[in-house]
Structures are given as C-alpha cells and as structure tokens.
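Structure first, then comments.
The values are calculated or read from the model by the stated rules, or taken from the named source; none is laboratory data. These numbers come from a predicted model, not from an experiment. Cβ sites come from the backbone with ideal geometry, for glycine too, and all protein chains shown count toward neighbours.
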Amino acid sequence: MDRQLPVGERATLLARRRRSAIMTSLVWCASAVCLLPLVLITAHLLIGGARVLGPRFFTALPAPPGVAGGGVANGIAGTLLLLVIAAAIGLPIGLGAGLYLAERTRTRLAEAVRFLADVLSGLPSIVIGIFVWELIVRPSGQFSALAGGVALGVLMIPLITRATEAMVQLVPNALREAALALGYSRARTSLTIVLRTALPGIVTASLLAIARVAGETAPLLFTAFGTPYWSLRLDAPVAALPLQIFNYATSPYDDWRAQAWGGALVLIVLVFALSWLARRVTDRRRERLSSVVAGGAGE
Amino acid sequence: MAAPPLPSFATDQSPPRFRSRRGGVGSVGDRLYGGWITASALVIPALLLLVAIVIAGSSWPALQTLGTRLLTDTVWDVPHARFGLLPALLGTLASSLLALTLATPLAFGAAIFVSELAPPRLRRPVALLIDGLAAIPSVVYGLWGLVVLVPWLRRDVIPFVRETLALGDVPLFAGPAYGPSLLAAALVLAIMILPFITAVAREVLQAVPRSQREAALALGATRWEMIRDAVLPNARTGLVGAMILGLGRALGETMAVTMVIGNAHVLPTSLFQPAYTIASLLANQFAEASGPLHVSALMAAAGVLLAVTIVVNGFARWLVRRTEQQR
C-alpha cells in the first residue's frame, strides 16, 4: 500500500465517512443498473411472447407473412437435432481432453492444451461457422444439419474440456489411491472410480455447455442455414429456433416480428430449463461427494 | 494476524503419477483409455491449426489480388471488386471499445457490491441474476435491441441530444437519425459483456487475501478506503484482464450487432450513424457471396477478426492468470 490513509484536519473522520457513504451508494446504484437490462428484457419477452404463444405455436410450421397462425415446430425439432449432433461430437472429445488435463496435469502438452482450449472458446462463433462452411458445406455443395451440428460441436469441445477437468480435480485423491492399491488398472480406476464420482458434475457441465450453444445463431447461418419446411435429414438444410428468430426479427412484416418474440421466449425457456436441470444435478453431486469425502478420504 | 494460508488443493490433489507396466494386467484397457484421452487432447490444437490453415488458405486469393488495399481501402463495392475492410475494422474496434467504456464502471461496481459491500443475503441472488444475463442468446439481445432500444434512441435520445442539448452540429452526433447506429450496437454490446466482466472481476476481488482487508480496517480505514487502498491495488492486473476479456467477447459478437448497427460501409465517425463490424459483414454477405474473390475477401475479413480476438484474448488470459498466481 503506497498510499497513506488520510489524516489531519482536511480529512476529518466525518468527511471520510461521508465519502465512504457516497461511494457505497454509487456501488449500489451500479449494481441496480446492471440488473435493469435483465428486468427490461424479461418483461418484453413475457409481454411479446404471450401474444403469440399458444398450442399451435409448438405444432405448426412457419406461416407466410399475412397468414394467421404459424409456429416454430420445425425450429424446435431442428434445434434439438443440432444439439444431439453437437453433443455426439463435443462430449467424447471434450470429456477425453478434460480427463487428460486432469490426469496429466503438468505435462507440457497439458499446459498447451489448457491454454489452447481457452483460445478456442474465445474464438468468435461466426468464424467457426465459416470454418465449417469451408470444411463441409463447400465440398459437399449444400448446407446441412450435419454441418450445423459440427459447428456447434466444435464450440462445445473447449467448454466441456475445462469443466470436466475442474470436476475431476474435485475427486479426492485418496479414492484414486485406494482403487490403485486394490490393484485396479489405471483405466478402470479412472472410469469406474474417478469418472463415476465426478459424473454428476460432468453431467452438469455438459448440460450447461449444451445450453450455451443452444442459443448460438452465427455459426448456423452458413451451415444449418434454416428452412421453412419440415426436415430432419442430416444432409439437408435444417430449421433452427435461433435462425427463425433472426429471420423473423429482421423481416419487415409485423406479424413475423411478433412471432420472433414467441420464438425468443421458447428459446430462453429451453436455455434456462437446461441450466436449471444442470444446477439440480450439481446440488445432488455436492451431497454425494461430501458424503464420500466424509466417509472415506478425511481431507 | 498472520493466519497460515489454506493448504493449496492444487498441489494436494494432483493425481499420483505412475506408469503402468507394459504388458501388465489391464494394459489393453489402459492403452485404449490413454489413447482416447490423448487423442481427444490433441484434437484441440489440431482444430485451431486447421481453422488457421483453412482461413488463411481461403483468403490467399484476395490477399494476392488486393494486397494491403484490403486493409487500407475504405470502399466496399462488390460489383467493382473493391473490398476495403477499414470501415468494418474501425467499426468493430469503435463499437467494442465504446461498449467496454460503458460496461466497465457498472461491472466493477457490481463486482465490488457482490464481493465487498452487499448484505450476505443479497450476494448470491445478485450474482446469479447478473450471470443470468450471460445465458440470454445473442439473437434475443438483437431482437430486443431492434424492437425496443433502436426506436427509443430514434424517438427520444437522438432528438434530445441534438435539439434539447443543441449538440446537433458536433460531428460525434451528426448524420441522419435512423436509430440503428454505432451507439445502439455499443449499448447492446455493453449489456452483453457486463456479466463476463463482472464474473471475472468478482473472482479477482475474492482472490485478494482477507488479511489485507482486515489490516486496512484495523488501521481505521472506512469501508471505501479499505476497498480503494487494500483491495483494488491488489486486484489491479486481474481487473484489467477482466476488461480485456470483455473486449474480446465484444469484438467477435455477431448477431445482436448485425441487427442494430445498421450495416453501412462508412467510417465510424458519428455515434448516431449506421456503421459496420467485421462480424456483421460476414453474417450479412457470406451466404450470398458472389464470385470467388468476394468469398476470399470475406475469408480475409474472418482472418483479421480471428487474429484480433486471439491477440486480445491471449493477453487477457495471461493477465488474469498472473494475478491468480500471485496469491
């Protein structure tokens, strides 16, 4: 601390207290302002979404402008399909890389991968979209659900990697040592003891990662592309909720813009439901892990 | 009081390192398992390398044809094969830096609130709510910006600044007032990076040892003096890191910006004028790119964006890691 605390006549205790009170209230105000956008956006979403939401919204295909009704059924299905493909790519790789980082903590490769995973997760998602376009869409000559899923999967890999690493490191070492002392092979220790103990945490992290990419739009623009029709084929363009919201919101038609709010509300509910589910699993994990620690390891 | 530091879990928890005996029991499983995790770990560097190669390779034709004009030309005219990235690059920097300027004081305020000042009962809810902002998809921010924020700017804010404050002649506020503008993009971006800066700043502040705070209080410091003299100086590097991480986010943000910035190829000189960013240029033109040179020029744009974000993010991570290691 190079600055001295103020003393002397000019900085009376009263003045200092007043200053502290002013700064404290400024901090309170800043926090309140931070919460304001959340309140505003939520309010607009609920108001705008309530107008168009109904059973038909979930079962109908998009309607042309001027035609009443219309829904986002294909968008919801398409988003789920894309998430399944993304998880099929992101989970095994992310999980494996996370285990690698947790088990070979200090190797040079681990250090590099840890840093590069951060770099990968910081890349603009639209660049990933363009990358996948060049890699899959251009050679195959068409936009496809597969390309969209790959783009989202690439985005998921670093998220799951870092989360898995963090979760596996929470597993008490004594558990590992006990298993190894009993003659378990290294792979069996990792898979049946370490991974099993860390599993709820990893499920949480994976659900959060899926929730994160569920709302991604930019990487889907040139990969999944979107379609107003019903399609779940891997090798054809597929609709996605975020793409539909984008198209509706930027269209000049009032009824389409109204639909955008409905789509946004559905998307937000999907994202928050996944996050909520994720947190539920973690709460259970804490209980279980703490009972394991209390019962065996004695930190 | 010199309380002994808590044992570092990082050192206690690192798993036992040993090598399985070759040919020993379970070695097949061990090898399969080791192969899987090593291969997965290698995917990450491979992916990054592939991204770099693909983007660099595809932008090569544009670099060859246009050379440095790509970065210095201010005209983007597809039919006449003029692809100047300067307006979009400057628009990207201007919108992101403006957003950072708007978001930083608020984010630091919220972080100080949660880690230092809030009544214990408020801490978790406030932190959770601000984190909730990060869970809202970009396209929803864009929708909100387009339908709520932009009309508000056009109806109320722009006339107020121009007429009531009589600042219409200042170049910063000049230009036609459509609503979609650099300012709209910066505002939406500021809201979007707020939770990221707050989260990192919160962690950095909480990493400052308790003893520092107690020492300041014991010397008779007020609450604020404790924060200013004991907490913030210790957290300075990490706080800068938090800001730059926020900047990195803002630079690559696509959808929300595309929807509210107005997408005009002009140098960003006025807050109220439409502008362009590299990310929104890509979002708007890539799917309808006409001709190989256009595609290649857009690839070069993606390359520029990639380079800028990697440098910014790398610098930020380095700063944050450095403070966390100081502990």
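Quick look at the values:
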quantity: Failed criterion for A:Ile130 (all others in (1) under 28 Å from B:Gln285 (Cα atoms); (2) more than 10 Å from chain B (Cβ to nearest Cβ); (3) surrounded by 24 or more Cβ atoms within 10 Å (Cβ to Cβ) hold); calculated: (2)
quantity: Set B:Val148, B:Val188, B:Val208: member being outside any helix (DSSP H, G or I), within 14 Å of another protein chain (Cβ to nearest Cβ), closer than 26 Å to B:Pro125 by Cβ and not basic (Lys, Arg); calculated: B:Val208
quantity: Checking A:Leu81 against (1) within 13 Å of chain B (Cβ to nearest Cβ); (2) part of a helix (DSSP H, G or I); (3) not charged (D, E, K, R), the condition it does not meet; calculated: (1)
quantity: Only one of A:Gly183, A:Gly226, A:Gly201 that is within 20 Å of A:Ile89 (Cα to Cα) and not aliphatic (A, V, I, L, M); calculated: A:Gly201
quantity: Tabulated pairs, the range B:268-288, first within 10 Å of another protein chain (Cβ to nearest Cβ) and closer than 17 Å to B:Phe83 by Cα, second surrounded by fewer than 24 Cβ atoms within 10 Å (Cβ to Cβ) and among the β-branched types (Val, Ile, Thr), C-beta under 6 angstrom, 6+ apart or interchain; calculated: none
quantity: The listed residue being surrounded by fewer than 18 Cβ atoms within 10 Å (Cβ to Cβ), more than 7 Å from chain A (Cβ to nearest Cβ) and modelled with pLDDT of 95 or more, out of B:Thr101, B:Thr68; calculated: B:Thr101
quantity: Residue match in the range A:30-40 (condition: within 14 Å of chain B (Cβ to nearest Cβ), in contact with a Lys or Arg (Cβ under 6 Å, 6 or more places away or on another chain), within 20 Å of B:Leu117 (Cβ to Cβ) and at pLDDT below 95); calculated: no
quantity: The one condition in (1) under 21 Å from B:Trp144 (Cβ atoms); (2) out of contact with any Ser or Thr (no Cβ under 8 Å at 6 or more places or on another chain) that A:Cys34 fails to fulfil; calculated: (2)
quantity: Qualifying position, being in contact with a Leu (Cβ under 9 Å, 6 or more places away or on another chain), within 13 Å of chain B (Cβ to nearest Cβ) and polar (S, T, N, Q), among A:Ser190, A:Ser251, A:Ser206; calculated: A:Ser190
quantity: Residue that is modelled with the lowest pLDDT, among those in the range A:46-87 that are hydrophobic (A, V, I, L, M, F, W, C) and more than 18 Å from A:Ala264 (Cα to Cα); calculated: A:Ala68
quantity: Selection status of B:Ala275, at pLDDT 90 or above, within 18 Å of B:Leu251 (Cβ to Cβ) and touching an Asp or Glu at 6+ places or on another chain (Cβ under 7 Å); calculated: no
quantity: Residue within the range A:95-110 that is under 22 Å from A:Ala218 (Cβ atoms) and either more than 7 Å from chain B (Cβ to nearest Cβ) or free of Cβ contacts under 8 Å to residues at least 40 places away in the same chain (or both) present; calculated: no
quantity: Cβ-Cβ under 9 Å pairs, at least 6 apart or on other chains, the range B:70-86 side basic (Lys, Arg), far side part of a strand (DSSP E or B); calculated: B:Arg82/B:Trp76
quantity: Among (1) within 13 Å of chain B (Cβ to nearest Cβ); (2) modelled with pLDDT under 90, the one test that A:Ala21 misses; calculated: (2)
quantity: Residue check for A:Leu80: closer than 30 Å to B:Ala134 by Cβ and under 29 Å from the mean Cα position of the chain (by Cα); calculated: yes
quantity: Residue check for A:Gly66: crowded, with 20+ Cβ neighbours inside 10 Å, more than 12 Å from every other protein chain (Cβ to nearest Cβ) and at positive phi; calculated: no
quantity: Some residue of the range A:114-122 being more than 9 Å from chain B (Cβ to nearest Cβ), under 30 Å from B:Val28 (Cα atoms) and either under 18 Å from the mean Cα position of the chain (by Cα) or not in a helix (DSSP H, G or I) (or both); calculated: no
quantity: Per-region count, the range A:16-68, residues outside any helix (DSSP H, G or I) and in contact with a Gly (Cβ under 9 Å, 6 or more places away or on another chain); calculated: 7
quantity: In the range A:236-263, residue surrounded by the fewest Cβ atoms within 10 Å (Cβ to Cβ) [restricted to those that are of a type outside the set (Val, Ile, Thr) and part of a loop (DSSP other than H, G, I, E, B)]; calculated: A:Pro252
quantity: Helices (runs of 4 or more DSSP H) fully within the range B:218-274 counting 1 or more residues that are closer than 30 Å to A:Leu123 by Cβ; calculated: B:232-252, B:255-260
quantity: Residue under evaluation A:Val269, criteria (1) more than 11 Å from chain B (Cβ to nearest Cβ); (2) β-branched (Val, Ile, Thr); (3) part of a loop (DSSP other than H, G, I, E, B), criterion not met; calculated: (3)
quantity: Lone qualifier among B:Pro125, B:Pro120 - being without any contact (Cβ under 8 Å) to a residue 24 or more places away in the chain and closer than 22 Å to B:Ala235 by Cα; calculated: B:Pro120
quantity: Matching residues, the range B:133-145, being more than 8 Å from every other protein chain (Cβ to nearest Cβ) and more than 15 Å from the chain's Cα centre (by Cα); calculated: B:Gly145
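Here's the yes/no breakdown for (1) modelled with pLDDT under 90; (2) more than 21 Å from the chain's Cα centre (by Cα); (3) surrounded by fewer than 23 Cβ atoms within 10 Å (Cβ to Cβ); (4) part of a helix (DSSP H, G or I):
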position	(1), (2), (3), (4)
A:Pro139	no, yes, yes, yes
A:Gly153	no, no, no, yes
A:Met156	no, no, no, yes
A:Ala166	yes, no, yes, yes
A:Gly183	yes, yes, yes, no
